[in-house]
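Notes to accompany the following structure.
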Amino acid sequence: MQTSFPALLTILGMALVTYGTRISGFWLMRYVTLSTRMKAWLGFLPGTVIVAIVAPTVFSTGLAEAGAAVATVLVMARTRNVLLAMIVGIGAVWGLRLLQASLR
Amino acid sequence: MADDRLVAPGPPSEEPVGFDVTGAAAGARRALPIALSVCAYGLVFGVLAQQAQLSLLDVALMSGFVFAGSAQLIVLSLWSMPLPIATILLTTLIVNLRNLLLGAAISPWFLRISPLKAYVTLFFMSDENWALTMGEFAKGRRNAAFLLGSGLILYVAWVGSTVVGRTLGDVVHDPARFGLDFAFTAVFLSLLVGLWKGKSDLLPWVVAAVVAVAAAHFLPGKWYILLGGVSGSIAGVVRHAD
């Protein structure tokens, strides 16, 4: 069990920032109402941030990653089971990489 | 779109909003099934945290103080020495900005309890128990402690499972050999399926993907996350807000 000063500082900073976002919507509502555009922007953020995170891995790593991504999304869309989708995705990337390696 | 849920009218002005053990217990009971899926997600976070070289103590502190699954998971991809603290904090802010919406939507009820209770309870607000609580309020029940009770159960599940996952991570060597490096991407792809609300998401998501792929190619580090996320969401606003 150990940590470092920069790690501790980063974690505390993350905690403050996160708690800040949790209370500021409530706090702000005492004084103002959010504009429709602002609400729309906040509504789009979670999806677009996650797309940005996965896009380079999915679209510019290789066929195995792209194929496994399709498999993950299909299983999730049909079953809505995160655990199952993850297992299928991991299995698919493992299998496709083996296949690619054997074809070389 | 997300702002549909903001039209919740709030409690009738003559009725008081309660805050007691009964409400907290009801919230805890209702959140139990969700706590199970939080545990699965927490185990994955723990294993990935081990790969990112966070110590067991780092994981316990982060889960305990931050308590934000998606932000913590994203930060793992930024966790390299020396720690890019400014980038990590900016990313945490962007990923958690949606909490502003949740807090604003729930404020009509929380403005009716003491500020101390409200500010303590809001620490435990996540997407999942916020949605449960808004459902309760919509049915006319008015016990604000429901958010606290459901949040506490998810908190225990999150901290516990991430610590266990971090411990398990010590046993799994060379994760790429088993495709486990893809777990991170797989979790996010599954979350995306749940976030898809219809055609209005198509343009912002395409813009986010294109910008991110280009930025990852031309820029160092992880700037592609912020650039893609922000430009995609702005594209969505420009296209759909009016």
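A simple rule links phi to the HN-Hα coupling: the Karplus curve 6.51 cos²θ - 1.76 cosθ + 1.60 with θ = phi - 60°, which for the stretch B:66-82 gives 8, 6, 8, x, 5, 5, 5, 5, 5, 4, 3, 6, 9, 7, 9, 8, x Hz, with x for Gly and Pro. Heavy-atom accessible area, probed at 1.4 angstrom with all protein chains present, ranks B:146, B:178 as B:178, B:146, highest first.
Accessible area buried by the pairing of A and B, both sides summed with a 1.4 Å probe, works out to roughly 6800 Å².
Taken over the protein assembly as shown, the convex hull of the Cα atoms encloses 141 Å³ per residue.
Divide by every residue of chain B the summed helix terms, -39500 (n - 2.57) for each DSSP H run of at least 4, and state the resulting mean residue ellipticity at 222 nm, rounded to the nearest 500 deg cm²/dmol.
-23000 deg cm²/dmol
Considering only alpha-carbon pairs that sit under 8 angstrom and 6 or more positions apart, the relative contact order computed for chain A is 17 percent.
Considering only A:82, A:17, A:32, the mean-square fluctuation computed in a Gaussian network model of chain A, springs between alpha carbons under 10 angstrom, is largest for A:17. When a 1.4 Å probe is rolled over the protein heavy atoms, the share of accessible surface on chain A that falls to carbon and sulfur comes to 70 percent.
By accessible area of protein heavy atoms, probe 1.4 Å, what ranking do B:199, B:139, B:117 get, highest first?
In descending accessible area the options line up as B:199, B:139, B:117.
Helical content of chain A, expressed as a calculated mean residue ellipticity at 222 nm, amounts to -29500 deg cm²/dmol (DSSP H runs of 4 or more residues, -39,500 (n - 2.57) each, divided by residue number, nearest 500). Mean separation of Cα pairs under 8 Å and 6+ residues apart, divided by the residue count of chain B: what relative contact order is that in percent? Reported as a whole number, the value is 32 percent. Converting phi to 3J(HN,Hα) with the Karplus coefficients 6.51, -1.76 and 1.60 and the offset θ = phi - 60°, the stretch B:234-239 yields 5, 4, x, 5, 4, 6 Hz in sequence order, with x at every glycine or proline.
Please work out the average accessible area per residue across chain B, using the 1.4 Å probe convention, and give it in Å².
43 Å²
Relative to the longest principal axis of the Cα atoms of chain A, the long axis of helix A:5-28 makes an angle of roughly 60 degrees.
The values are calculated or read from the model by the stated rules, or taken from the named source; none is laboratory data. Predicted model, so just to flag it, every value in this text is computed and none were measured. Heads up: the accessible areas ignore ligands, DNA and RNA and are worked out on the full protein's heavy atoms, side chains in. Shrake-Rupley method; radii C 1.70, N 1.55, O 1.52, S 1.80 Å.
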